[in-house]
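Some notes on the structure that comes next.
The values are calculated or read from the model by the stated rules, or taken from the named source; none is laboratory data. This is a predicted model, so every value here is computed, not measured. Because the Cβ atoms are built from the backbone with ideal geometry, glycine has one as well, and the counts that use them run over all protein chains shown. Accessible surface is based on the protein model in full, side chains and every heavy atom, while ligands, DNA and RNA are left aside. Shrake-Rupley method; radii C 1.70, N 1.55, O 1.52, S 1.80 Å.
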Amino acid sequence: MRELIILKLGGSLITEKDKPFTLRRDVLKGIGGELAEVWPIPLIIVHGGGSYAHPIAKQYRVYEGYKTSENFKGFIETAKIVRRLNNEVVEALTESGFPAIGIPASTFIITKNGKIETCNLDSFFTALDVNITPVTCGDAVFDRVLKFTILSGDTIASYLSVRLRAKKVIYALDVDGVYVKDRVTGEVKLAEKLTPGMPIEIFKVVEDDVTGGIVRKIEEGFEAAEKGVEVFLVNGLVRGRIKSVILGEETIGTKLVY
């Protein structure tokens, strides 16, 4: 599956950060239109929880596992809202004629102490075989030790890209990429390339969420880059950039180079 592309749609890109349970439908319809233009390139989409899942997961500390009745309630509520979001994302994407189907992470992944242990991808392979794009998401999942926890969409995207030997993983954000500040000059600018150990400071935090925001994206991205996957962070709000990265064209953004 060396031509496979994993596209991660950030929660801040697809939902209104300051308005709980509010989908950016026009943004998703636009992305669906771009993807329809490159279909049937093999593609798996992973999206974040944004203003749907993160407030609930944070309030009830679901990531801690099953310790209290509040954790238990939060797990159920997070799972419910994630399914709602996944359905709404698929509906918006398919309005542009892009064939996709929702497969929430909790239906095929089980973790152990927060790390993916079991991942049954049979439904993904079958969908891809008939040129239907699976759309999964960060989710509240069952855990063999914690009983349940929160699994980041960034982690899922990186994991799938490595396991399936994908060609690229693309993190679509609501900014142009990773903004950094030079420690010597103090200049803030977009990093066209980012390598481990670069003497810089991350300046722009993209998402304030329970799964780590931009720092998690970079960490997970380097995990994939180390295994030979091309990793890009681009602005999904600018029409054409996701399509350009998929097609291998030059575009504004940040590439992670290991």
For a quick protection proxy, order the peptides 118-130, 168-180, 66-78 by their average other-Cβ count within 10 Å, most packed first. 168-180, 66-78, 118-130
Quick shape check on the range 1-131: root eigenvalues a ≥ b ≥ c of the Cα gyration tensor, a/c under 1.5 is rounded, otherwise prolate if a/b tops b/c, else oblate, and it reads oblate
In whole Å, what is the distance between the alpha-carbon centres of the range 102-159 and the range 71-100? 14 Å
About its Cα centre, what dipole magnitude does the range 1-113 give when the only charges are +1 on Lys and Arg Cβ and -1 on Asp and Glu Cβ, stated in debye to the nearest 20? 500 debye
Too-long pairs where the Cα-Cα distance tops 18 Å, listed order kept, from Lys8/Lys58; Lys8/Lys112; Lys115/Lys147; Lys8/Lys243: Lys8/Lys58; Lys8/Lys112
Apply the Karplus curve 6.51 cos²θ - 1.76 cosθ + 1.60, θ = phi - 60°, to the phi angles in the range 34-46 and return the couplings in whole Hz, x for Gly and Pro. 4, 5, 4, 6, 9, 4, x, 4, x, 8, 10, 10, 10
Cα gyration tensor category, rounded, prolate or oblate, for the range 12-55 with a/c compared to 1.5: oblate
Answer in debye to the nearest 20: the dipole magnitude of the chain about its Cα centre, from +1 Lys/Arg and -1 Asp/Glu charges placed on Cβ, is 420 debye
Unit charges at the beta carbon, dipole of the chain: most positive-side option, Val90, Leu128, Leu146: Leu146
Under 20 Å between alpha carbons, and skipping anything fewer than 8 positions from Lys67 in its own chain: which aspartates and glutamates qualify? Glu77, Asp139, Asp143
With a 1.4 Å probe and every protein chain left in place, work out the accessible area per residue of the range 83-133 in Å², rounded to a whole number. 48 Å²
Please compute the length gained on full extension between Ser96 and Arg61, using 0.36 nm multiplied by the number of residues separating them and subtracting their Cα-Cα distance. 8.9 nm
Dipole of the chain, positive end: most advanced residue of Thr22, Cys137, Val257 [Cβ charges, Cα centre]: Cys137
For Lys181, which lysines qualify as cross-link partners when the Cα separation must be under 23 Å and same-chain residues fewer than eight apart are set aside? Lys189, Lys193, Lys204, Lys217, Lys255
Modelled FRET efficiency - R0 45 Å, Val145 with Thr22, Cβ distances, 0.05 increments: 0.80
Which one, Trp39, Gly10, Tyr60, projects farthest toward the positive side of the charge dipole computed for the range 1-61 from Cβ point charges (K/R +1, D/E -1)? Tyr60
